[in-house]
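Heads up: the structure comes next, in structure tokens.
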Amino acid sequence: MKHLRSLALTMLLLAITLPVAAQLKAPAPPPPAAAPATGGAPQGPAGAGGPPQVDPLTREFRECIQKAQTAMQAAKADDPGAIHACLTAEIKRQDSRLANATQKVLKVIPPEARKKLETANADWRRYRGSECGFMADENGAPPANLQNADCRLRMTTLRAADLDNLASMLARQEAAFKAQQENSPAAPTAVSPPAAPAAPK
């Protein structure tokens, strides 16, 4: 049993320390409408000349995991408590990032969409609890509690990235609309601002 728990902890650590940005697959911003064709093959976010992928997990989390791994290797013993502390601290940081992203979206969507976003976020939090509770018991013994925390961290990181991307897209749309209004003296009332997309689920 101890060997199985050690193996599960090792596999979980490997999953945590993989680059998360590639797993999130956050959509790249759309190219400018007037961009000239280059004739080359399209490049992905990590391709040459494309924007570099950014790890959404914080430096503090990566350093915490590395420190815990180093200590376990030196002691030749597992320390699930140290890993769990790293995970729960990062969940709090990502929850804060999610709250900031939500506020950015709320500032650029119409009033009738704000209640929908608040409802969507409440529904999402309930889903996160149900999904991760199904995956593993939050209050169970290691590695179950670690698997639950890892699930909550990954879901929170993805949700924060989704809302960050939405806020950026809406800000670009608003800036483009304002520029169009300033450069179009004729019939300014004939142009309507872009409608806000539905909040991501």
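The values are calculated or read from the model by the stated rules, or taken from the named source; none is laboratory data. Note that the structure is predicted; figures quoted are calculated from it, not measured. Note that we place each Cβ from the backbone using ideal geometry, even for glycine, and neighbour counts take in every protein chain shown. Side chains are part of the model used for accessible areas, which takes the heavy atoms of the whole protein and leaves out ligands, DNA and RNA. Shrake-Rupley method; radii C 1.70, N 1.55, O 1.52, S 1.80 Å.
Report the full-extension gain for the segment ASP79 to SER96: residue separation times 0.36 nm, less the Cα-Cα distance, to one decimal in nm.
Values: separation 17, 0.36 × 17 = 6.12 nm, distance 2.69 nm.
Computed gain between ASP79 and SER96 is 3.4 nm.
From the backbone phi of region 145-155, what are the Karplus-calculated ³J(HN,Hα) couplings (6.51 cos²θ - 1.76 cosθ + 1.60, θ = phi - 60°) in whole Hz, Gly and Pro given as x?
5, 6, 5, 5, 5, 5, 4, 5, 5, 5, 5
Rounded to whole Hz and in sequence order, give me ³J(HN,Hα) for region 122-131 from the Karplus expression 6.51 cos²θ - 1.76 cosθ + 1.60, θ = phi - 60°, writing x for Gly and Pro.
Residue by residue, region 122-131 yields 5, 5, 5, 5, 5, 5, 4, x, 5, 5 Hz.
Keeping all protein chains in the complex and leaving out DNA, RNA and ligands, what accessible area do you get for LEU106 with a 1.4 Å probe, in Å² to the nearest 10?
For LEU106, solvent-accessible area is about 30 Å².
Can you pull out the trypsin sites (Lys or Arg not before Pro) in region 56-145 that DSSP calls coil and that have at most 12 other Cβ atoms within 10 Å?
Here the trypsin sites (Lys or Arg not before Pro) that fit, given the DSSP loop and packing criteria, are LYS76.
Per residue, how large is the accessible surface of region 93-192? Use a 1.4 angstrom probe and give square angstrom.
It amounts to 57 Å² per residue over region 93-192.
Which ³J(HN,Hα) values, rounded to whole Hz and listed in residue order, are derived for region 55-61 from phi using the Karplus coefficients 6.51, -1.76 and 1.60 in 6.51 cos²θ - 1.76 cosθ + 1.60 with θ = phi - 60°, glycine and proline given as x?
5, x, 6, 7, 5, 4, 5
Of the heavy-atom accessible surface of region 60-119 (probe 1.4 angstrom), what whole percent is carbon and sulfur? Provide the component values of the computation, followed by the final result.
Numbers: 1960 of 3560 Å².
C and S fraction of accessible area: 55 percent.
Roughly what would the spin-label model give for LYS178 and ALA122, points 7 Å off Cα along C-beta, in nm?
3.2 nm
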